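Novice: Questions regarding the structure given below will be posed in turn.
What follows is calculated from the coordinates using simple rules that are stated; it is not laboratory data. It should be emphasised that the depicted structure is a prediction, and the values quoted were computed from it without experimental measurement. Glycine also receives a Cβ, built like all others from the backbone with ideal geometry; neighbour counts cover every protein chain displayed.
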Amino acid sequence: MNNDQAEPVEILLAEDNPGDVTLTRKALERGSIINNLHVVNDGVEALSYLRQEGEYADEPRPDLVLLDLNMPRKDGRDVLEEIKTDEHLRRIPVVVMTSSEAEEDIVQSYDLHANAYLTKPIDFDGFLDIVKRIEDFWLTVVRMPPE
C-alpha cells in the first residue's frame, strides 16, 4: 500500500462508541491517504463483515482492521482470535485501538496475534495524532502480502 495507489484503502472500524467512531472518521478525513471507512458496532457484525455474510456480502475486503476490545455481543478479543485463526482473514492487519491500558489486555492481544496495540487518547488532538500515525505506518510504510 502506498500513496500512489489508485484505489482507496478499505478500513474496517469495529467500535461501539459513537464518539470514537466520529473522532476516527474525522482523523482519517484529515489524512493523506484516500480511504473508505466501514463501521460495525459489535463483534458479531465485525465477523459477518469480514466473512462477507448477509448484509455485508458485497462489501470489500478490508486492508486494515481497527478493533476495539470491549464491544457488545462478541468481545474484541474473541473477534481477534477468530480473525487470526481463519486462513482467509489472518493476513489482514489488526490494530487494537482501545481505552484499556491493562497489561493483561496488551499481553492477551499480542498472544492472539494483534499487529499492534494502541490506547485511545482522551483528547481530540491526541486521537488525531494516533490515527495519523496508524495511517502513516500501516497504509504508507508497511508492505502487505496479497490477499
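Novice: When you check GLY19 against the structure, is it out of contact with any Lys or Arg (no Cβ under 6 Å at 6 or more places or on another chain) and small (Gly, Ala, Ser), yes or no?
Specialist: Yes; evaluated as a whole, the condition is true for this residue.
Novice: For region 55-66, does any single residue satisfy the condition of being among the hydroxyl-bearing types (Ser, Thr, Tyr) and either surrounded by 17 or more Cβ atoms within 10 Å (Cβ to Cβ) or over 21 Å from GLU104 (Cβ atoms) (or both)? Break it down into steps so the answer makes sense when it comes.
Specialist: From region 55-66, those among the hydroxyl-bearing types (Ser, Thr, Tyr) are 56; that's our starting set.
From what is left, the residues that are either surrounded by 17 or more Cβ atoms within 10 Å (Cβ to Cβ) or over 21 Å from GLU104 (Cβ atoms) (or both) are 56.
Yes, that holds for at least one residue.
Novice: Now for a different question. Working carefully through the options VAL21, VAL79, find the one that is in contact (Cβ under 8 Å) with a residue 40 or more places away in the chain, out of contact with any Cys (no Cβ under 9 Å at 6 or more places or on another chain) and either buried (at least 18 other Cβ atoms within 10 Å of the Cβ) or more than 20 Å from LEU112 (Cα to Cα) (or both).
Specialist: On the way: VAL21 fails: in contact (Cβ under 8 Å) with a residue 40 or more places away in the chain.
Criteria check complete, one pass: VAL79.
Novice: Now, a different point. Restricting attention to strands (runs of 3 or more DSSP E) lying wholly within region 27-135, give those where 2 or more residues are within 15 Å of GLU10 (Cα to Cα).
Specialist: Details: elements: 35-40, 64-67, 94-98, 116-119.
The qualifying strands (runs of 3 or more DSSP E) are 35-40, 64-67, 94-98.
Novice: Also, quick follow-up: Are any residues in region 96-107 closer than 18 Å to GLY43 by Cα and out of contact with any helix residue (DSSP H, G or I) (no Cβ under 6 Å at 6 or more places or on another chain), and if so, which ones?
Specialist: Matches in region 96-107: MET97, THR98, SER99, SER100, ASP105.
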